[in-house]
Amino acid sequence: MSDSALMAVYNRAPLTVSHGQGAWLYDTEGRAYLDCVAGIATDALGHAHPALVAALTEQAGKLWHVSNIFRIPGQEGLAQRLTNATFADVVFFGNSGSEAIECAIKTARRFHHANGQPERIDVIGFAGSFHGRTYAAINASGNPSYLEGFGPRLPGYVQLSLDDEAGIAETLARPTTAALIVEPVQGEGGARALSEDWLRRVRDLCTQHGVLLIYDEVQSGMGRTGQLFAHQWFDGVEPDIMAVAKALGGGFPVGACLATRDAAKGMVVGVHGSTFGGNPLAMAVAIAAFDAIAKPEMLAHARTISDLLKGKLEALAESFPDVIVDVRGKGMLIGLKLIPNNRDFMALAREHGLLVAGGGENCVRLLPPLILNAGEATEAVLRLEAACRTARTRLARAA
Ligand code: PMP
């Protein structure tokens, strides 16, 4: 047993980062790493972005925290930006993705309660999904291992498979169904993008049965796929409620639950809250992050670089069919499904000065900052190629 003073819940890589600049991280020994993790899709503007540093330092000298019993102009400013850019009319601010999910599920149940249908509590979630670590989030998530040892599964959660068309239609029609929650691009599950057809069919069925559609865009949102939100690639598939976090603060902890005014009708005074949620410091940084990420040029850049990466990665997979069996995902949320163990491959990539994240179905994920330039994208693939070569040699030796 470890003698660390930390709870042993993380399997940490043997790497201590000292500082970062743009798409690069430097360890305490001065070694440079190309960062294709970006704090798991969080540092969308890279490290030490000047606009974020300026916003943080300016606000730090003025006011950090006051409590939601007072007006916080930064919340109005960020909510205005988010609602102008999306389907939503109203926003609640928290501090993380899990809190955004928690608020989304509470909002959905309160909607039916306000409509005089309190029996509608069931939330449909999907295999392979990840929504966070609170009790609501682990019950909505499609990975039973997150529930193990934490007592009985909570009532009011239904798990289905994404390809179970009949099951989805049947469950949406039940009188106890409140909401369906889905990631338009699964992140932790291994970078799986849902099709336009899937999203449209589910949107239409939700509308038909009065079920609220919740998108979890915690990982896929804020420019990650080359649109501000991944579902915005398609017309007419807007949700009723959406959870956002990660890149919303560009690395500063902040989360948001967005909803239409109608879907949020049950969220009245006193039913929800947060001490830290939406505090002035978080809002100042998140506004600066939003203004940089939502710029059409930034989203266009993300599309250009992700196209470049996709082309190069597909070529790499062709050269190394014994290492990479699939290239998937959307935009800068890229998954490589591997033959060698993904954890071993992450360590190999690290040896070659490249940081990548793990993912379900034995994937590694590339989640670079959106500011990655073409030279860095090329460099990332060269380093991956070197890792593939080493993996091939080791595989051959093991055979
Ligand atoms: N939803 C998705 C899609 C996520 O990827 C994550 C985090 N990986 C969460 C929710 C939970 O976010 P947090 O860790 O900030 O609570």
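What follows draws every value from the coordinates through simple rules; no lab data is involved. This one's a predicted model, so the numbers in the text were calculated from it and none came from an experiment. Neighbour counts are summed over all protein chains in view; Cβ atoms, including those assigned to glycine, are modelled from backbone coordinates with ideal geometry.
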Practice prompt. May I ask for the net charge around A88, where only other residues with Cβ less than 10 Å from the Cβ of A88 are counted and Lys, Arg are +1 while Asp, Glu are -1?
Written response: -2
Practice prompt. For V325, enumerate residues with amide H under 5 Å from its amide H, sequence gap 5+ or separate chain, H modeled in the peptide plane.
Written response: K337, L338, I339
Fill in: Helix-only CD estimate at 222 nm, as mean residue ellipticity for the chain, using -39500 (n - 2.57) per DSSP H run (n ≥ 4)
-12000 deg cm²/dmol
Practice prompt. Would you order M222, M283, M7, M346 from fewest to most other beta-carbon atoms within 10 Å of each residue's own beta-carbon?
Written response: M7, M346, M283, M222
Worksheet item: F126's amide H: which non-local residues (gap 5+, or another chain) put their own amide H closer than 5 Å, with H modeled 1.01 Å from N in plane and none for Pro or chain starts?
Response: G142, L160
Discussion item. Residue by residue through segment 147-156, what is 3J(HN,Hα) from phi via Karplus (6.51 cos²θ - 1.76 cosθ + 1.60, θ = phi - 60°)? Round to whole Hz and write x for glycine and proline.
Written reply: 8, 4, x, 9, x, x, 4, 5, x, x
Worksheet entry | Over segment 133-266: Rg over Rh, Cα atoms, Kirkwood Rh | 0.95
Response to the item:
When the charge dipole of segment 133-208 is computed with +1 at the Cβ of Lys and Arg and -1 at the Cβ of Asp and Glu, the Cα pointing farthest to the positive end, of V182, A137, V202, is that of A137
Worksheet entry | Stretchable slack from T393 to D307, in nm (0.36 nm times residue separation minus alpha-carbon distance) | 28.0 nm
Item to complete: Provide the FRET efficiency to the nearest 0.05 for the S319-S2 pair, computing r from the beta carbons and using R0 = 45 Å.
Response: 0.65
Worksheet entry | Reduced Cα scattering model of segment 255-399, Debye log10 I(q)/I(0), q = 0.08, 0.14 Å⁻¹ | -0.34, -0.77
Discussion item. Charges at C-beta only: +1 for Lys and Arg, -1 for Asp and Glu. How large is the resulting dipole of the chain about its Cα centre, in Debye rounded to 20?
Written reply: 380
Worksheet item: Taking the Cβ-Cβ separation of Y10 and A347 as r and a Förster radius of 25 Å, what is the calculated FRET efficiency to the nearest 0.05?
Response: 0.95
Discussion item. Can you give the FRET efficiency to the nearest 0.05 for S18 and L63, using r as the Cβ-Cβ distance and R₀ = 41 Å?
Written reply: 0.85
Item to complete: With the Cα gyration tensor of segment 63-293 in hand, convert its eigenvalues to equivalent ellipsoid semi-axes via √(5λ) and list them largest first in whole Å.
Response: 27, 19, 17
Worksheet item: Which entries in the list K246/K330; K246/K295; K310/K337; K62/K246; K246/K337 go over 22 Å, if you measure between the two C-alpha atoms of each?
Response: K62/K246; K246/K337
Fill in: Cα radius of gyration and Dmax for the chain (Å)
21.1, 66
Item to complete: With a 10 Å radius around each residue's Cβ, average the other Cβ atoms per peptide and rank 331-344, 193-206, 266-279, 238-251, highest first.
Response: 238-251, 331-344, 193-206, 266-279
Worksheet item: Length gain on complete extension for the stretch E29 to V271, per 0.36 nm per residue less the alpha carbon to alpha carbon distance?
Response: 82.2 nm
Worksheet item: Between segment 1-26 and segment 225-291, how many Å separate their Cα centres?
Response: 28
Response to the item:
antiparallel share of DSSP beta bridges within the chain, to nearest 5, in %, is 65
Fill in: E376, E148, E102 arranged by Cβ crowding within 10 Å, fewest neighbours leading
E148, E376, E102
Worksheet item: Which of the aspartates and glutamates could a cross-linker bridge to K106, judged by Cα under 20 Å and excluding same-chain residues fewer than eight apart?
Response: D89, E119, D122, E183, D216, E217, E238, D240, D262
